[in-house]
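Working notes, structure below.
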Amino acid sequence: MRPMPIEPSARSVSIGPRVREVRVARGLTIEEVASVAGLTKGFLSRIERDIVSPSVSTLVALCEVLSIPVGSLFAEPEVAFVAAGTGPRVNLGGIEAEERLLTPRTEGRVQVLRSVISTDGHGADELYAVSADVDVLHVLRGRVRVDFAGDRSWELGPGDSLTFNGREPHNWRALTDEAEVMWVLVPAIWAD
């Protein structure tokens, strides 16, 4: 018995926006790329808008000019999904706080955590710092106080956010029976 050929997917592949994204990221004009690739500016514009489907040889030429592998135009974007309540528990030093990681452990560009802080929950006994250029605290419910050196402090309630350099000594404390907050650290503190 002969095997049946695999039917192609009905899903269309959109390569034009990817070509444009790389071109713009490289700081190249449409005229520059078209000229070097041996295309007209109008044809490259139609490729980038997915109006025309270029031949394989045209794709190869474009990829050579843009210094990218041809296959990268067809690669699926990297997506990581963390279902509600399934992020791994982590302990970044919080006392009386349940911290869950919402970004994959392999993500080094950013780290997002959700913390549920119990009564008397706080960051540490002393001011501390983390190795993040940007530290964002967003309060989902309850009230939280963030203290900095020099007796500076901020009280945050639901919907409030505070952005600061994570390397600046700070500490936090729940001001209500329970608080729920989101932390965003850039880069992820284990990225160093």
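The values are calculated or read from the model by the stated rules, or taken from the named source; none is laboratory data. No experiment lies behind these values; they were computed from the predicted model shown. Virtual Cβ from ideal backbone geometry, glycine too; neighbours counted across all protein chains shown.
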Within the stretch 145-170, tally of residues that are closer than 23 Å to V110 by Cα, assigned to a loop (DSSP other than H, G, I, E, B) and more than 24 Å from the chain's Cα centre (by Cα): 1
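Residue by residue, here is whether (1) over 30 Å from G16 (Cα atoms); (2) charged (D, E, K, R); (3) touching a Phe, Trp or Tyr at 6+ places or on another chain (Cβ under 9 Å) holds:
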site	(1), (2), (3)
I68	no, no, no
V90	yes, no, no
E96	yes, yes, no
S131	yes, no, yes
V139	yes, no, no
S161	yes, no, no
H170	yes, no, yes
From the options S53, S67, S115, S131, residue that is over 28 Å from the mean Cα position of the chain (by Cα) and of a type in the set (S, T, Y): S53
Some residue of the stretch 17-35 being of a type in the set (V, I, T) and modelled with pLDDT under 90: no
Which listed residue is surrounded by 12 or more Cβ atoms within 10 Å (Cβ to Cβ), over 30 Å from L185 (Cα atoms) and of a type in the set (A, V, I, L, M, F, W, C), from I30, I51: I30
Residues satisfying the stated conditions in the stretch 106-143, i.e. assigned to a strand (DSSP E or B), without any contact (Cβ under 8 Å) to a residue 60 or more places away in the chain and under 14 Å from R173 (Cα atoms): T119, D120, G121, H122, Y128, L137, H138, V139, R141
Residue among S35, S72 that alone is among the polar types (S, T, N, Q), more than 30 Å from R173 (Cα to Cα) and surrounded by 14 or more Cβ atoms within 10 Å (Cβ to Cβ): S35
Every pair of residues 6+ apart whose Cβ atoms lie under 8 Å, when the first sits in the stretch 11-36 and is of a type in the set (D, E, K, R) while the second is crowded, with 17+ Cβ neighbours inside 10 Å and modelled with pLDDT under 90: R18/L73
Flag if T103 is among the hydroxyl-bearing types (S, T, Y), touching a strand residue (DSSP E or B) at 6+ places or on another chain (Cβ under 9 Å) and touching a residue at least 60 places away in the same chain (Cβ under 8 Å): yes
Condition check for A179: of a type in the set (G, A, S) and at pLDDT below 95: no
